[in-house]
Amino acid sequence: RLCLLGNVLRFGVRMKEPQIRLINDTTIALVRRCPERLTGFCFLNPALDPGFLREEVDRCVEGGLRGIKLEIDLNARDRRMRTTMDKAAEYNIPVLHHAWYLTVGEQPYASEPIDIADLARRFPEVRIIMAHLTGGGIRGVLDIEDCPNVWVDTSGAQPVAGMVEYAVGKLGAERIVFGSDECGRDFSCQLGRILGARISSRDRALILGRNAARLLGIEEAGR
């Protein structure tokens, strides 16, 4: 089963309302075409008009989408995050938020794991999935360790030996979900970091499907 997040960089950073609708239209259409295999998230730019944000979440949830995806349009500490987070709480759906500790380049509105921790403490009732484990690294895991409403996905960069084991040790396998970064990365490589990790078969099963199934309200992982 695949979780579709939408072509979130199709029109660059800080997309406008028509562009957001177009991206979500595609996700809704794909999920409706193959609901037994596809799950989708509603992509948003939280800096847009609150009325639009509320209407778009309503439309996406009615269209069968099961979460909200945020990229690099607004830093997680920004107070304008409230509308999006309130809608997530209203529908009890998770928010998947990009996060990364960059060593080169600059993304003015992007969030780091420490920003995700701040967001989680302001909205403890909302379940947040922080992407990306390797992009945040050890520092990122420590940032969210005491935030029980934050999960981390395993995507981001190429596999780093010991990173999955470290996250399991600090957070528990119940707070880790598999992330592929498809279409930007290869499934075999991203699966390899889980299949090759020195963790129990129970923890591996949680990471590869059961945790996501629980977060997304899917009865049985892998169906």
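Kindly provide the set of residues from the range 129-153 that are touching a Lys or Arg at 6+ places or on another chain (Cβ under 6 Å) and either at positive phi or crowded, with 16+ Cβ neighbours inside 10 Å (or both), ordered by number. Give the derivation first.
Within the range 129-153, the first condition is being touching a Lys or Arg at 6+ places or on another chain (Cβ under 6 Å), and the residues that meet it are 141, 145, 149, 151.
The answer is Val141, Asn149, Trp151.
I'm checking my understanding of the structure. Among residues of the range 1-13 that are open to solvent by less than 70 Å² (accessible area, probe 1.4 Å) and out of contact with any helix residue (DSSP H, G or I) (no Cβ under 6 Å at 6 or more places or on another chain), which one is nearest to Lys87 (Cα to Cα)? Give the derivation first.
Just the residues of the range 1-13 that are open to solvent by less than 70 Å² (accessible area, probe 1.4 Å), to begin with: 3-6, 8, 12.
Subsequent filtering for residues that are out of contact with any helix residue (DSSP H, G or I) (no Cβ under 6 Å at 6 or more places or on another chain) retains 3, 5, 8, 12.
Numbers: Cys3: 20, Leu5: 18, Val8: 20, Gly12: 24 Å.
Here the residue is Leu5.
Give the residue, chosen from Ala205, Ala161, that is of a type in the set (A, V, I, L, M, F, W, C) and open to solvent by less than 50 Å² (accessible area, probe 1.4 Å).
Ala205
Mind listing whichever residues of the range 53-81 are basic (Lys, Arg), out of contact with any Ser or Thr (no Cβ under 7 Å at 6 or more places or on another chain) and in contact (Cβ under 8 Å) with a residue 24 or more places away in the chain?
Once the filter is applied, which keeps residues that are basic (Lys, Arg), out of contact with any Ser or Thr (no Cβ under 7 Å at 6 or more places or on another chain) and in contact (Cβ under 8 Å) with a residue 24 or more places away in the chain, the range 53-81 yields Arg59, Lys69, Arg77, Arg80.
Which residues, counting only those in the range 164-198, are in a loop (DSSP other than H, G, I, E, B), open to solvent by 30 Å² or more (accessible area, probe 1.4 Å) and either over 22 Å from Glu71 (Cα atoms) or at pLDDT below 95 (or both)? Can you show your working first?
Of the range 164-198, the ones in a loop (DSSP other than H, G, I, E, B) are 172, 178-186, 196-198.
Going one step further and asking which of them are open to solvent by 30 Å² or more (accessible area, probe 1.4 Å), we end up with 178, 181-186, 196, 198.
Result: Asp181, Glu182, Cys183, Gly184, Arg185, Asp186, Gly196, Arg198.
Cβ-Cβ distance below 9 Å, separation of 6 or more or different chains: which pairs start in the range 27-39 with a residue that is more than 12 Å from Leu2 (Cβ to Cβ) and in contact (Cβ under 8 Å) with a residue 12 or more places away in the chain and end on one that is surrounded by 16 or more Cβ atoms within 10 Å (Cβ to Cβ) and of a type in the set (A, V, I, L, M, F, W, C)?
Ile28/Cys42; Ile28/Cys60; Ile28/Leu65; Arg32/Leu38
The values are calculated or read from the model by the stated rules, or taken from the named source; none is laboratory data. Note that the structure is a prediction, hence the values are computed from the model and not measured. Methodologically, a virtual Cβ is constructed for each residue, glycine included, from the backbone with ideal geometry; neighbour enumeration extends over all protein chains shown. Remember, those area values only see protein heavy atoms, side chains included, never the ligands or the DNA or RNA. Shrake-Rupley method; radii C 1.70, N 1.55, O 1.52, S 1.80 Å.
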